[in-house]
Every structure is written in structure tokens, then in C-alpha cells.
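Everything below concerns the one structure shown next.
The values are calculated or read from the model by the stated rules, or taken from the named source; none is laboratory data. These figures come from a predicted structure and were not determined experimentally. Don't worry about glycine lacking a Cβ; one is built from the backbone with ideal geometry, like all the others, and counts go over all protein chains shown. Surface areas here come from the heavy atoms of the whole protein model, side chains and all, with no ligands, DNA or RNA. Shrake-Rupley method; radii C 1.70, N 1.55, O 1.52, S 1.80 Å.
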Amino acid sequence: MDGNGRWASRRSLPRVAGHRAGAEAVRRTMQAAVDAGVEVLTLYAFSSENWRRSEDEVSDLKGLMRFYLERELGTLQKEKVRLRLIGEPAAFGNELYDRLQQAVAETAGNDRLTLVVALNYGSQAELAGAARELARRAAAGEIEADSIDIGALEGLLHTRDLPPLDLLIRTSGEVRLSNFLLWQAAYAELHFTDTLWPDFDEAAFSAALGEFARRQRRFGGR
């Protein structure tokens, strides 16, 4: 979800206004996913690199997270959306982390859509963490180094209990993955759009799904 800052700048608004508009795009996209029968929707909400932003902007982002979590919890329950988190959200502090965990627990029984929110997430750090754990197990004699394969590493990723990634959408005209689901995107279809995230809506989501449906899926060169 990229382009909040540029959206605000083009309207001579503060960056926080772009983040607020981006949060509304989250609501629209989640509802579009529910209506389309999507099984899992993963949103890159806060990367591990976002800590480099100004202290005020990070504070605004955390405040928005708290506000929209409180406001949208009822919608998650109504639409039977299960909330999941990936990344290291504990870095946001005990109060916000506890609220996030409470929302995860309260929506655990919902089964219409799994909404995965990546918070303080970076794919390279995720892969490094999995590699460290495999190295630790091998050094401790818990596994044989020669037994380490794709499945062993994949089983330690944050997404290990989620279905394979089919479609990855990148907004705002940037044509890169920016450290998001690098392993998981190995055979995913990629969709790049010039639309800034705050302007992303049901029509844009439907267009991405339509393009995905028209592609011939190939795996491993087949």
C-alpha cells in the first residue's frame, strides 16, 4: 500500500491526511475482498524500514492504527473477518500490542476472510530469522544439516499456515516488491498500478483480480 505521502503532497495536505485516506482505502479493499470471495488478504501496513520516518509521522501512524482498530472491529465481526498479524508488532509498545492481540483473539472464530496485517515486517529479516533457527537446530543436533530443504525453511516463515500467495498488488507506480513477501512471491502473479493507495478502490481491486484471472498460471517453467 504505497502513495499516501504523495497523495497528500499533491493536495497540499500534511502526510497524516494521506495516511487517513489510506486507512479508508483499507476499509474499501477489505470489503471488496470479502465480496469477491477472496480467502486471504495481506496488507503491508508498516515495514521494518518505516521506523526511519520522522518521530511525528510514526506517532501519527500508531495513533491511526489504534483508532481504526477500535472503529473497525465491529465491521470485522459483522463480515466474519479473521484478523492475523505477521512481523514483530510487539515493537509498537504494550498498549497497542495488547489491543492488537485482543482483536486477533476476538476474531479468531471468523471464517469468511483472513485479513493478515504486516506490522513491523520485513521479508529479509523473516528469512534471516528462519535461517538462524534452522542453524540453531542443526548445531543442537535436533536436525541434520543435510535435511534442510525448502519445506523446512518455509515452515518457519510467518506465513507458514497460510495458503500460497497468488497475486501481489503494488500501488503508486513503483515497480518493486520493497521487501514484502519475497519468498512467498516466488510464483505469485505481480500487478503494478499507478494508482496511489488512497485512491485504490473496489474498481481498482476488481481490475487486478480480472487481470489475474486472464493470466495463464505457470509453475516451475511449466
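Of note:
- Only a single item in (1) open to solvent by less than 60 Å² (accessible area, probe 1.4 Å); (2) farther than 27 Å from Arg176 by Cβ; (3) not in a helix (DSSP H, G or I) is not met by Val104, and it is number (3).
- Test: residue in segment 196-216 that is part of a loop (DSSP other than H, G, I, E, B) and on the phi > 0 side of the Ramachandran plot: no
- Filter result for the condition that a residue is over 24 Å from Leu177 (Cα atoms), part of a helix (DSSP H, G or I), out of contact with any strand residue (DSSP E or B) (no Cβ under 8 Å at 6 or more places or on another chain) and of a type outside the set (Lys, Arg), over Glu142, Glu72: Glu72
- Hey, Ala207 open to solvent by less than 70 Å² (accessible area, probe 1.4 Å) and not acidic (Asp, Glu) or not: yes
- Where Arg20 falls short, out of the listed (1) in contact (Cβ under 8 Å) with a residue 60 or more places away in the chain; (2) within 23 Å of Gly173 (Cα to Cα); (3) open to solvent by 60 Å² or more (accessible area, probe 1.4 Å): (1)
- Apart from one condition, Ile150 fits all of (1) of a type outside the set (Lys, Arg); (2) open to solvent by 80 Å² or more (accessible area, probe 1.4 Å); (3) touching a residue at least 60 places away in the same chain (Cβ under 8 Å); the exception is (3).
- Within the option set Leu190, Leu134, Leu196, being under 28 Å from His19 (Cβ atoms), in contact with a helix residue (DSSP H, G or I) (Cβ under 9 Å, 6 or more places away or on another chain), modelled with pLDDT of 95 or more and not basic (Lys, Arg) holds for one residue only, Leu196.
- Restricting segment 41-64 to residues that are part of a helix (DSSP H, G or I) and of a type in the set (Gly, Ala, Ser), the residue that is nearest to Ala23 (Cα to Cα): Gly63
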